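Working notes for the structure below.
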Amino acid sequence: MNQTGIVLARHHDREALRRALRANRAEKIRRGAYRARQPSTGDRFRDADDRALARTLAVAAQLRDAWVSHESAALLHGLRLWQPPDRVHVVQKYRASSASAGDIARHLLGLTEDEKVVIDGVATTSRERTVVDCCVALHPLLALVIADHALALGTDRAAALAVLDARRDPRGRRRARLVLELADPGAESAWETWLRYIVLRAGLPRPTTQLQVHTPHGDYRADLGWAEFRLLAEFDGRVKYTRGALGPGHDADRALFDEKRREDHLREEDWGVVRVTSSDTPAEAEDRVLRRLSPATRKALTPLHLLPPPPHHPVVPPAPVRPARKAAAR
């Protein structure tokens, strides 16, 4: 077993592996790679995220002269994802053969030495290069989720833009630049990014994330808002209104009461509050926000056509964020 907890069949007693599998002490990650069986956390978001990370570590242990990249590198860096990747992405110097494994996406790309780092012994692309690769290759919403969190962790926007400008292939550069320019470290969840993406695509001015509002009853914070419109928009997760969902001391009834009182205080100060949930379609969420604007304001909006419609909600919704891992330069 290496430092990542992955066992490679080629380095292990195969009969011992078979016994461990039969006894349910081990589980197969991918062809030729195993690990000790992990109990389910009961949270399918975390379990799917953990499985994708284990598959990434397995591929990294099996391949030579490869650098984990794109969404797989984002996993290693501890970046937030809209959903776990279904393949492990790597940068290699040669093209994949027709017999290559279907769970590996190989990219024939160049990497400079400062775009290579090692995380817990795994060779991967730097955080800036990872963000840029995702902005070029992914749907803009999926890329924006990653870019938002990267900025929150200290990634320099100008450095990422410099990596983008240095790419030889111009394909996808214009949209990637837009995503990087729209990225905001204030987004605290993938769903908040989703909501911001919808309103930006509709042509609204860039909102302020985590907007602070002062009232005679106290200060309140909203996921995003526009002071010029006195309008706040929030993604409302149901978990805080579910009894015991946030621990044994969590009072869901109290949370609901506090939220109502908070909203009453905001409306007393002439602030509009729009709430959106995961059950809303993008069109419903957009309409809910736009209805709070004056007809003249709505008419003056210019939609961002460079941003395509958001994809369908993921089968496995966005997972909680893992702690970021420290990368060492190669």
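All of the numbers you see were taken from the coordinates with simple rules; none came from a lab. Computed from a predicted structure; not experimentally measured. A quick note on method: Cβ atoms are made from the backbone with ideal geometry, for glycine too, and the neighbour counts reach across all protein chains shown.
Listing for the model above:
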read-out	value
Cα long-axis angle, helix 44-62 against the chain (0 to 90 degrees, to the nearest 10)	40 degrees
Point-charge dipole on Cβ atoms (K/R +1, D/E -1) for segment 80-180, about Cα centre, debye to 20	440 debye
Positive minus negative residues near PRO216 (Lys, Arg vs Asp, Glu; Cβ under 14 Å)	-2
On Cα atoms only, tilt of 140-152 relative to the major axis of the chain in degrees	90 degrees
Net length gained if the chain between ALA300 and ARG275 were fully extended (0.36 nm per residue, minus Cα distance)	6.6 nm
Computed lengthening from ASP165 to ASP13, 0.36 nm per intervening residue step minus Cα-Cα distance	49.8 nm
Shape call, segment 49-118: gyration tensor on alpha carbons, a/c limit 1.5	oblate
Modelled FRET efficiency - R0 30 Å, ARG22 with ASP103, Cβ distances, 0.05 increments	0.80
Net lengthening on full extension, ALA328/ARG51 (0.36 nm per residue, minus Cα-Cα)	97.3 nm
Inter-centroid distance (Cα atoms) of segment 108-128 relative to segment 171-189, Å	21 Å
Tilt relative to the chain, helix 127-137 - C-alpha long axis, 0 to 90 degrees, to 10	80 degrees
Rounded to whole Hz, the Karplus (6.51, -1.76, 1.60) HN-Hα couplings of segment 67-75, x for glycine and proline	10, 4, 9, 6, 4, 5, 5, 4, 4
Three-way shape call for the chain based on the alpha-carbon gyration tensor, with the a/c threshold at 1.5	oblate
Expected 222 nm ellipticity per residue - DSSP helices of 4 or more, -39500 (n - 2.57), all of the chain, to 500	-11000 deg cm²/dmol
Value of relative contact order over the chain, rounded to a whole percent, pairs C-alpha under 8 Å and six or more apart	18 percent
Note, ³J(HN,Hα) from phi for segment 182-195, Karplus 6.51, -1.76, 1.60, rounded to Hz, x at Gly and Pro	7, 4, 9, x, x, 5, 9, 7, 5, 5, 5, 4, 4, 5
Within the chain, percent of DSSP bridges classed antiparallel, to nearest 5	70 percent
Residue order, fewest to most beta carbons within 10 Å, for THR209, THR112	THR112, THR209
